[in-house]
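Working notes for the structure below.
The values are calculated or read from the model by the stated rules, or taken from the named source; none is laboratory data. Keep in mind that this is a model prediction, so the values were computed, not measured. As a convention, Cβ positions derive from the backbone with ideal geometry for all residues, glycine included, and neighbour counts pool all protein chains shown. Only protein heavy atoms, including side chains, enter the accessible area calculation; ligands, DNA and RNA are left aside. Shrake-Rupley method; radii C 1.70, N 1.55, O 1.52, S 1.80 Å.
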Amino acid sequence: MSASAVFILDVKGKPLISRNYKGDVPMTEIDHFMPLLMQHEEEGVLAPLLSHGRVHFLWIKHSNLYLVATTLKNANASLVYSFLYKTVEVFCEYFKELEEESIRDNFVIVYELLDELMDFGFPQTTDSKILQEYITQQGNKLETGKSRVPPTVTNAVSWRSEGIKYKKNEVFIDVIESVNLLVNANGSVLLSEIVGTIKLKVFLSGMPELRLGLNDRVLFELTGLSGSKNKSVELEDVKFHQCVRLSRFDNDRTISFIPPDGDFELMSYRLSTQVKPLIWIESVIEKFSHSRVEIMVKAKGQFKKQSVANGVEIAVPVPSDADSPRFKTSVGSAKYVPEKNVVIWSIKSFPGGKEYLMRAHFGLPSVETEEVEGRPPIGVKFEIPYFTVSGIQVRYMKIIEKSGYQALPWVRYITQSGDYQLRTS
C-alpha cells in the first residue's frame, strides 16, 4: 500500500494544493496535521510519522513548505518518503527554488506533475527529464498533435528518449568521495568512513550501451586479477541508478547500462575503512589574567605532496562572549563570525606535506563561564582534485552503439570533506 492523498502546506499548515489519489481518506483530515505537529514539538517527541485515529500523516519539510502524504493502512513508509523527496527534486528541476511562491505561481503545472508522479497511490514517472518532454512551463503553447504520451513512458528504457543526436560523442565521469571523520581530544579517530558517488554527464547519440570497469575487489577475485600489483577496493552499500542491469552485476560484477541523457548519478557506495586524517589540526588555547585569550591552530596536510587541497576552511570555535579579535596567519586569511562563535581560517591552496599556523587574540570579559560551556569541535572543509582517498579507479568505459561511432570518455577524481570534525582538549 502507498499514499491515499498528497498535500503541500504553507508554514502555518494551510493547504496550498492537494491531490486525492484513492478517496479513502477524507480531505478534511489534513486539518488535524498542524495541531498534532505543534503538540509533538512542545512535548519534544517530534516524529516523521503522526497519527490521528486511523489516519497516518507521513511528512517532510522543505524550505517554508510541508509535504504530507496521508494513508489509512500499513503503507510502505520508505516508499512514501522516497516519493516525497523525489517530488521535491522534480519541483526544484522545474522551478529552481521550491517555496510557497513557486507553488502559487505554478498551480497548473504542479497539479499536472502530481497527476503524473503518482497514480492510485503508487509512484509512476518520477524522472524530471522524461516529465519535461510533455509537461512544459509553456503548457498553453503545446500543439494538439504533440499531446500524445512520449515513447519513453511506455518504452522498456523509460529514462532515455530515442533519436538523440550529438556532433561530438562524449562521456564525462566524476568520481567524488566525501570523507566523514571524527577525532577526539586525545587524537584518536572515533569515526572514519568514505562515502562515494560516481556521476556521469552523457552526450551520446542513439541508444548506446555502456560498460564501466572499476578496481572492485570482488571482481578481481572472480577474474583472478587479485594480487599485490593490482590495488582493489571493497565497496559496501552500493546503490545504482535504475538504468543499471542489476542481474548482470550480481552475476559477474559488470556495471552495464543504457544511460539517461545529460547529468545523472550512476552509483553511490560506502567504505568503512580507517582513513588517515587528510588535514590534521592541533590547537592550543591560552588564557591571560581573566581578560583575554589566545588561540593557536596548526594545520598539516597529510596527503601526497603532489596533491593540493583547494578552498580549505577551518572553523575554530571561540567563547560566545569573545570580542576585539586580532589574527596572524602564516598563509591565507582569518575572519571572526560572531553569529556562529567561530573563526574561519581560509586557505585557497594547501599542498600536501605543508604545515601552517594561525594565531587569534580575543578580549574575554568572563573566562570562568567558558569552562561550563564546553568547546564544540573544529570543523574542516576542503576539496582535493585528481585524488581519491579509497584508491578507487575507473579501469575502462566501453561504449557500444549499433552505428559504431567513436566516443571519448573523460574521468575526473575529487576527494572532499564530508562531516569532518576534530575535538579539542
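Scanning the stretch 11-55 for residues that are part of a loop (DSSP other than H, G, I, E, B) and among the aromatic types (F, W, Y) yields one hit, Y21. Taken together, T254, T273 contain a single residue that is closer than 21 Å to F172 by Cα and among the polar types (S, T, N, Q), which is T254. On the basis of being surrounded by 15 or more Cβ atoms within 10 Å (Cβ to Cβ), outside any strand (DSSP E or B) and small (G, A, S), does G213 make the cut? For G213, the condition - surrounded by 15 or more Cβ atoms within 10 Å (Cβ to Cβ), outside any strand (DSSP E or B) and small (G, A, S) - is not met. With respect to R292, is the statement that it is closer than 30 Å to K129 by Cα, touching a strand residue (DSSP E or B) at 6+ places or on another chain (Cβ under 6 Å) and open to solvent by 60 Å² or more (accessible area, probe 1.4 Å) true? So R292 fails the test.
Considering the stretch 318-348 alone, what residues qualify as being assigned to a strand (DSSP E or B) and open to solvent by less than 60 Å² (accessible area, probe 1.4 Å)?
Matches in the stretch 318-348: P325, T329, A334, Y336, V337, V342, V343, I344, W345, S346, I347.
Remark: E101 falls outside the filter, which requires a residue to be open to solvent by 70 Å² or more (accessible area, probe 1.4 Å), touching a Ser or Thr at 6+ places or on another chain (Cβ under 7 Å) and in a helix (DSSP H, G or I). Within the stretch 386-400, if we keep just the residues that are farther than 25 Å from N169 by Cα and hydroxyl-bearing (S, T, Y), the residue that is surrounded by the most Cβ atoms within 10 Å (Cβ to Cβ) turns out to be S390. When V88 is tested against (1) of a type in the set (A, V, I, L, M); (2) within 24 Å of Q124 (Cβ to Cβ); (3) assigned to a loop (DSSP other than H, G, I, E, B), just one condition goes unmet, and that condition is (3). What pairs come out if I take residues in the stretch 56-67 that are under 16 Å from K12 (Cβ atoms) and assigned to a loop (DSSP other than H, G, I, E, B) and pair them with residues that are open to solvent by 50 Å² or more (accessible area, probe 1.4 Å) and not aliphatic (A, V, I, L, M) whose C-beta lies under 7 Å away, six or more apart or interchain? Partner pairs satisfying both residue conditions: S63/E99; N64/E99. Against the definition (over 30 Å from V284 (Cβ atoms) and aliphatic (A, V, I, L, M)), how does L181 come out, yes or no? The answer is no for L181. Applying the condition of being farther than 21 Å from K199 by Cβ and in contact (Cβ under 8 Å) with a residue 12 or more places away in the chain to the stretch 401-412 and asking which residue is least open to solvent (accessible area, probe 1.4 Å) yields E401. In the stretch 239-252, the residue that is surrounded by the fewest Cβ atoms within 10 Å (Cβ to Cβ) out of those that are under 15 Å from L210 (Cβ atoms) and touching a residue at least 24 places away in the same chain (Cβ under 8 Å) is Q242. May I ask you to verify whether V189 is over 26 Å from Y420 (Cα atoms), under 25 Å from the mean Cα position of the chain (by Cα) and of a type in the set (V, I, T)? No: the conditions fail for V189.
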